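Below is one structure, written out as structure tokens; comments come after it.
Read the figures in this text as sums done on the coordinates, not as results from a lab. Small disclaimer: the values here were computed from a predicted structure and weren't measured. Note that we place each Cβ from the backbone using ideal geometry, even for glycine, and neighbour counts take in every protein chain shown.
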Amino acid sequence: MKGNLSPFLILLAGILWGTTGTTQAFAPDSAHPIAIGASRLAVGGLFLLLIVLITGKWNFKNWPMKPTLLASFCMAVFQPLFFSAVTITGVAIGTVVAIGSAPVLSGFMEWIILKKRPRMIWWFSTFLSILGCLLLFVNKDSVQVDPFGIVMALGAGLSFAGYTLASRELVDHYSSLSVVAIVFSISAVFLSPFLFIYDMAWITSLRGLSVSLHLGIVATGIAYLLFVKGLTRVPSSTAVTLALAEPLTAALLGVFVLGESLSFVSWIGLVLLLVGIGMLMRGSEKSDGRE
């Protein structure tokens, strides 16, 4: 794969993730957010394993368990941490802290662990993108800053950053399909107790099944396959910033599909997000995905 295609794969993954909120809005009222998160990982993991079996890429000899378990654990805990954060401290603050902290935490982790200092364009584009994310969500609901909710949101951001860093190590040696299949299958096992704690009757309805299939196959299986595929030529810090296409997509779908309205400040935030992501895309093309 040409290196300049990798940022576009990650951007496309962020766009697919952005459909999650809109899809959940069509879920049955009895579907608990954490139950939806657990079911999407279960469906996504099974879908990816099926693809591995069909394609015959199931040679897992000498597979490194340490980064695999780390990536799986990070992805598993991200779901309940994020959903708990937005429940406790509100959608606006929870989303901004979780999604906004992930690129910064990823940059510092890459700097400290891998000794790779992010380029100046990454710092500038990440600042613009996070500021845009903040403005985009600032008027989405009543702001209520709960310290425990903030900690949960930071934990979610750290979890996603950790998942990205661990996955980056895996795709250096194994196929992207094998990596996501193994990681998400193990993540689904970690979250499987939630399938028994919450009422899952909603998934038997046509609407519930459709929501689960979309979230599991499209917004999880295909999206994370694209994301990990892009990681082969893009630093983890850059990848997490490009993934901010998720709230951008979610906001636009909210306007054009769910009939939501954005304030003038939110539209400014949306533009800043576009500029920040665009700058990083251009910078990634010039560096050919290598830093």
Please return the longest stretch of the chain lacking exposed loop sites, where trypsin sites (Lys or Arg not before Pro) count only if DSSP places them in a loop and at most 15 other Cβ atoms lie within 10 Å.
-> 117-289
Rg ratio (alpha-carbon, reference 2.2 N^0.38 Å) - segment 45-116 = 1.50
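Taking other Cβ within 10 Å of each residue's Cβ, how do Asp29, Asp199 sort, fewest first?
Neighbour counts put them in this order, fewest first: Asp29, Asp199.
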Viscosity 1.306 mPa s, temperature 10 °C: Stokes-Einstein D of segment 1-71 from its Kirkwood Cα radius, in µm² per second?
-> 103
Assigned charges on the beta-carbon of Lys, Arg, Asp, Glu; the chain dipole about Cα centre (debye) = 920
Bin width 5 Å, alpha-carbon pairs only: give the P(r) of segment 49-88 as whole percents, running from 0 to the bin holding the largest distance.
-> 5, 19, 13, 17, 18, 11, 9, 6, 2
Only helical DSSP H runs with n ≥ 4 go in: add -39500 (n - 2.57) per run for the chain, normalise by residue count and round the 222 nm mean residue ellipticity to 500 deg cm²/dmol.
-> -24000 deg cm²/dmol
Return one quarter of the surface area of the convex hull spanned by the alpha-carbon atoms of the chain, equal to its mean projected area, in nm².
-> 14.6
Extended-chain gain in nm, criterion 0.36 nm per residue less alpha-carbon gap, Lys61 and Thr87 | 5.2 nm
In Å, the Kirkwood estimate of hydrodynamic radius for segment 223-265 over Cα pairs equals 12.0
Once the mean 1/r over all distinct Cα pairs of segment 189-235 is inverted, what Kirkwood radius in angstroms do you read off?
-> 12.6
Based on other C-beta atoms within 10 Å, arrange Tyr224, Tyr174, Tyr163 from fewest to most.
-> Tyr174, Tyr224, Tyr163
Can you give me the pair-distance distribution of segment 1-41, C-alpha pairs, 5 Å bins, whole percents?
-> 6, 18, 21, 17, 12, 9, 9, 5, 2, 0
Which helices, counted as full DSSP H runs in the chain, have an axial Cα extent of no less than 27 Å and a Kyte-Doolittle average of -0.5 or above?
-> 33-55, 65-89, 91-113, 147-171, 264-286
Given that compact globular proteins tend to follow 2.2 N^0.38 Å, what is the ratio of the alpha-carbon Rg of segment 60-196 to that value?
-> 1.14
Quick one: give the max-minus-min coordinate of the C-alpha atoms of segment 146-291 along each principal axis, largest first, in Å.
-> 50, 46, 35
Determine one quarter of the surface area of the Cα convex hull of segment 74-135, which equals its mean projected area, and express it in nm² to one decimal.
-> 4.6
Taking every pair of alpha-carbon atoms in segment 135-213, give the share separated by more than 16 Å as a whole percent.
-> 73
Whole-Å distance linking the alpha carbon centroid of segment 207-249 with that of segment 1-54 is 6
